[in-house]
1. With the condition being polar (S, T, N, Q), touching a Gly at 6+ places or on another chain (Cβ under 9 Å) and under 27 Å from V477 (Cβ atoms), I'd like the helices (runs of 4 or more DSSP H) fully within the range 610-691 carrying at least 1 qualifying residues.
2. Check the range 100-110 and report whether any residue there is surrounded by 16 or more Cβ atoms within 10 Å (Cβ to Cβ) and either modelled with pLDDT of 95 or more or not basic (K, R) (or both).
3. If you take just the strands (runs of 3 or more DSSP E) that sit entirely in the range 316-431, which of them hold at least 2 residues that are charged (D, E, K, R) and out of contact with any Asp or Glu (no Cβ under 7 Å at 6 or more places or on another chain)?
4. I'm trying to understand the selection: among the residues of the range 115-131, which are under 18 Å from P43 (Cβ atoms) and either surrounded by fewer than 20 Cβ atoms within 10 Å (Cβ to Cβ) or β-branched (V, I, T) (or both)?
5. Quick one: K526 ticks every box in (1) without any contact (Cβ under 8 Å) to a residue 40 or more places away in the chain; (2) charged (D, E, K, R); (3) assigned to a helix (DSSP H, G or I); (4) over 20 Å from N384 (Cβ atoms) except a single one, so which number is it?
6. Before we move on, is G81 farther than 26 Å from D148 by Cα and either of a type in the set (G, A, S) or within 28 Å of the chain's Cα centre (by Cα) (or both)?
7. Scan the helices (runs of 4 or more DSSP H) fully inside the range 1-113 and keep the ones with 1 or more residues being free of Cβ contacts under 8 Å to residues at least 24 places away in the same chain, not acidic (D, E) and not assigned by TED's automatic domain parsing to the domain that holds M682.
8. Look through the range 318-358, keep the residues that are of a type in the set (S, T, Y) and over 30 Å from L243 (Cβ atoms), and return whichever of them is surrounded by the fewest Cβ atoms within 10 Å (Cβ to Cβ).
Amino acid sequence: MLEGQYEAKKVEDKIYKLWEESGFFNPDNLPTRHKKPFTIIMPPTNANGNLHAGHALVMTIEDIMIRYKRMEGFKALWLPGLDHAGFETQVVYEKKLEKEGRSRFKMEGAELYKEIWAFTEENKTHIRNQVKKMGASCDWSREKFTLDQDVVKTVHKTFDKLYKDGLVYRGKRIINWCTKHQTSLSDLETSDTEQQDKFYYLKYGPFIIATTRPETKFGDKYVVMHPNDKRYAEYKEGQKIDLEWINGPITATIIKDEAMDMEMGTGVMTITPWHSGVDFEISERHNLEKEQIIDFYGKLLPIAGEFAGMKILEARPKIIEKLQQKGLVEKIEENYKHTVKTCYKCNAIIEPQIMNQWFVKMDPLAKKAAQAVRAKKITFIPDNYRKIFLHWMDNTIDWNISRQIVWGIPIPAKICDSCNAGFPDLDNKVIACPNCKKPVRADKDTFDTWFSSGQWPLVALNYPDKKDFKTFYPTNVMESGADLIFKWIPRMVIFGLYLAKKVPFNTVYLHGLVLDAKGQKMSKSKGNVINPLDLIEKYGTDALRINLVVGNTPGTSLPLDENKIRGYKNFANKIWNASKFVLMNLNDYSPKTKVVYNAKQKKILKDLQKIVKNTTKQMDSFKFYLASEEIYHYFWHAFCDKIIEEAKPALIEGANKKQRQATQQMLLEVLTTNLKLLHPFMPFITEEIYQQLPVKGKKEFLMIESWPK
């Protein structure tokens, strides 16, 4: 019997333990009616901290999907996992070291790796418990970690295959370099940040060039213009010009290239191939020399003469002062707004550098991904992300996959410093370069974390040989944050098609950010970060879950308002009290009794069938925001406010017995159906009440009950 008010704290841990002990989170243990597989691979949570509000949304949406499909009779697998999260985790740990007065640069690599491993192991335990708090009905027996040995082995084999297929190469190319963290970063790990700087117009012989970075100009000896620019028709490709520059006379060479924008500035620029992606590409096309001006710590090299050893921002005004003394400054524009690349973790300005790194040739892989999406093998929810995905795939650049960090999957390769060659060596047996026969060394770099997590649907299901892969791949849904349409989603599609020859999932469901109540992005600096565990402690998991779903359309951001969660706690109490009322009036009820419904009761049940049909349609269309809202309103305003109130006279002592029996059965049927409809959204309270129902043919658990038809 249900007693008192609903107390989530007393119910949730007890119910979750019952679910785990039942074994039904594992699809292999589901009843025989569950035959057709339905699979969701959980986006692996970074093992470097606690769950945040965004994670709570992920867990809620995916659990709704899996519980619904399980009730529909699918062999539903929701496979959980954790991500070592490479660079991101190392940054988190470096902050911890800084607080302790230590630096990773003064530690042996093996020592640092061991410490971070222990750090992530502790976090994995916390995260696992927090995911359970959210009511996640995932199969813990299949949990994967991106540093599991079988995962590492598969990632290594993929690297080897890509190399043999000519899709991975080691080359000396321009990369994004973080001077603080001392590692290269892919474009996905940089942010475009708007800032104000001075814009300097400088006299370069007969030309005026403009720059925000005079500190890069020491090695500039090529002046570029568009071949069709009539203003500079007198200058010929390869022509030499003598001029005075920062540290004395130099000879410059004229370069004609169509990359030059005739409408921008004076239509002329000098190039610094070592420190600019655009300039690097021009230099590659024209086979020009490249010279490093700034070192990997952001200091000027000896080419800068008297400014050597200075930090960029320290040297910049002094360089301009010297140019002014020489009469080489035409003008200075103050407060020039422009966009610079910054490290997405520390906000340090990225310094482009030329380095030997491992790259994946993206164009042939991206074309196959784009073809699959154009063939509608993958559905995007919302659909506008399909265009974003295709734009990204149609405009790829080669992907730098090597990182100069300790934490991650090591690149199984050998490097020959004599001829700058690099090649996979999975068995660690090669001692001499196959090209020049000189000794080789082990590659000390690790893979970009997206290289391993991009293979997540494959490695999570034990690609290529195990039963799980053959049964559950391709998966049905990949649910993720909308921001990962640029980062993670394309890489999973690429690797799925490249390795398994099939798309890794049929549907991509993308959610937006979870914001604070004022619609602002949560951040520690603003002090507006909301811990979902705190909300669960106050209001219960069910109240938080349904709040995260009602009205939350895919792809849009959601303000997390504590007052609304409090309101859904009241809804949980409403469910409890209505159920308690029905159960209190079933003391003489028998499921075997045959009843005859009157016209009003038939209409109630007919209306209920419409709700069931409409809810099912919305669930199948991934419109959980509508389904949850409709069930909420039906339960509160139709069932509680009308049906129960109007049924009370037939339940009082002395009422007609047949009428009472029909009313009892009608109320029980409406309640049971509502509990089933609500279960994916509010699993704890619905399961607790279901256990008390005297329903004919009742299953052991609501979580494996049949979805209403």
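1. Numbers: elements: 624-633, 657-678, 683-690.
Correct list: 624-633.
2. For the range 100-110, residues surrounded by 16 or more Cβ atoms within 10 Å (Cβ to Cβ) and either modelled with pLDDT of 95 or more or not basic (K, R) (or both): absent.
3. 329-343
4. T120, N123, K124, H126, I127, R128, V131, listed by residue number.
5. If we test K526 against (1) without any contact (Cβ under 8 Å) to a residue 40 or more places away in the chain; (2) charged (D, E, K, R); (3) assigned to a helix (DSSP H, G or I); (4) over 20 Å from N384 (Cβ atoms), just (3) comes out false.
6. Working: farther than 26 Å from D148 by Cα: no; either of a type in the set (G, A, S) or within 28 Å of the chain's Cα centre (by Cα) (or both): yes.
Against the criterion (farther than 26 Å from D148 by Cα and either of a type in the set (G, A, S) or within 28 Å of the chain's Cα centre (by Cα) (or both)), G81 does not qualify.
7. Values: elements: 8-22, 53-72, 86-99.
So the answer is 8-22, 86-99.
8. T339
The values are calculated or read from the model by the stated rules, or taken from the named source; none is laboratory data. Worth saying up front: this structure is predicted, and the values here are computed from it rather than measured. Here Cβ is always computed from backbone atoms with ideal geometry, including for glycine, and neighbour counts include all displayed protein chains.
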